[in-house]
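Below is one structure, written out as structure tokens; the observations come after it.
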Amino acid sequence: MKSLEQYGWDTFFQPQQLKGDLLLGRITSIQGFKHYVITANGEKEAELSGKMLHVASTEELPKLGDWVTLKTYDTLGYIIDVLPRRNELARKTAGARTDRQLLAVNIDGAVIVQGLDRDFNLMRLDRYLVQLTACNITPIVVLNKVDLVEDWTKYSREIAKLQRDCVVYFCSTYTGVGLDELRNTALEKYKTYILIGSSGVGKSSLLNALMQTNLQEVNNTSDFNNKGKHTTTSRDLFQLPNGSLLIDTPGMREFGLTYEEGTSDDLFPAIQQFADRCRYSDCRHLQEAGCAVIEAVQSGALDNQVYESYLKLIREQRRFEMNAEDKKRYNKQSGKRSREANEYRNKYKY
Ligand SMILES: Nc1nc2c(ncn2[C@@H]2O[C@H](COP(=O)(O)OP(=O)(O)OP(=O)(O)O)[C@@H](O)[C@H]2O)c(=O)[nH]1
Ligand SMILES: [Mg+2]
Ligand SMILES: [Zn+2]
């Protein structure tokens, strides 16, 4: 298994015995029906096996970063199984009410990129941090384009208000500031990271700078008529010279929350520190008497912007949860139908 370690394989994935002539590999790109899989015998192109076409939900289909078993014939392969995942990076897709989209799986860290031109936004950053925490993925914050600003310290002060456990790197792909530090202290060998953030913040530029070659075309907004032709359109996994694995993604307009249960207060450390002192243990910190969180906002101990962000995210999460319940009820019924169809198919072997 040695050679697969360099693509992120570790003891977590300890396989069920590999049967027969099956090969193990990791998905590095998905384009339509084509899945690119890196294996100990090099890169293979693979398609879904018949079995895969009958999974109960699309979330079970192979995703970028998945470990899969495949059967290969020369260069073409068929994906037989998806191995259990360490984690899944999900978001609610733009527009759809409850659609949860898996951006990538088996991720060690997510690099949230914001540009210091006009893109910096504390609430948006908070949203990314909440969702990553809920997905069990370590956040790394990169504030790019520092060549455009004079005072960086105010951004550190803003982010500190969120009281979240995340490291912030100030970078410029133009001047090279911060890149060595990012490379050497945030990106570990053989671990998998994903770049996320709005379009135009410099994700592909960062990837290129870290790769030390120009692999991804960048969205050159200085182009004639600002059309920005090279905006990234697919998610792909690359290996940096230091061995770490980095996924570039198209800029996201929306990064909706998808987590469903649990005490959401755990996801908001800045709120939690006061919440323990609320009069009612089920206080929602909206207008309840004896709410220590509201008192903290009034006294200035808690930043109002951080409180507003909390309220907004909690509302959004409740909406997602309610819609998800509706959908689950529906899926249960259609899942039963598809199971029945499968049983029938197996019985009569067609
Ligand atoms: N001033 C400045 N501009 C930068 C920096 N890094 C990238 N840019 C510019 O920002 C624009 C967008 O860069 P990209 O790397 O394509 O951004 P992206 O995040 O990959 O965008 P999408 O693929 O659309 O999501 C380009 O014109 C880059 O030249 C930087 O450090 N400083
Ligand atoms: Mg890009
Ligand atoms: Zn309260």
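The values are calculated or read from the model by the stated rules, or taken from the named source; none is laboratory data. This structure is a prediction, so every number in the text was calculated from the model and none was measured. Cβ: placed from backbone, ideal geometry, glycine included. Neighbour counts: every protein chain shown.
In the range 171-186, the condition of being assigned by TED's automatic domain parsing to the domain that holds L210, within 21 Å of L302 (Cβ to Cβ) and in contact (Cβ under 8 Å) with a residue 12 or more places away in the chain is met by no residue. Of the listed requirements (1) assigned to a strand (DSSP E or B); (2) more than 26 Å from P139 (Cα to Cα); (3) among the basic types (K, R), K19 misses just one: (1). Could you tell me whether L311 is under 21 Å from L129 (Cα atoms), of a type in the set (A, V, I, L, M) and within 16 Å of ligand 2 (Cβ to nearest atom)? It is false that L311 is under 21 Å from L129 (Cα atoms), of a type in the set (A, V, I, L, M) and within 16 Å of ligand 2 (Cβ to nearest atom). Of the residues making up the range 44-71, those that are charged (D, E, K, R), under 19 Å from the mean Cα position of the chain (by Cα) and either outside the structural domain of L22 (by TED's automatic domain parsing) or crowded, with 17+ Cβ neighbours inside 10 Å (or both) are K63, D66. The residues on offer are L64, L70, and the sole one that is part of a strand (DSSP E or B), touching a residue at least 12 places away in the same chain (Cβ under 8 Å) and out of contact with any Pro (no Cβ under 6 Å at 6 or more places or on another chain) is L70. Among the residues making up the range 105-155, those that are in contact (Cβ under 8 Å) with a residue 60 or more places away in the chain and assigned to a strand (DSSP E or B) are G109, A110, V111, I112, V113, Q114, G115, V142, N144.
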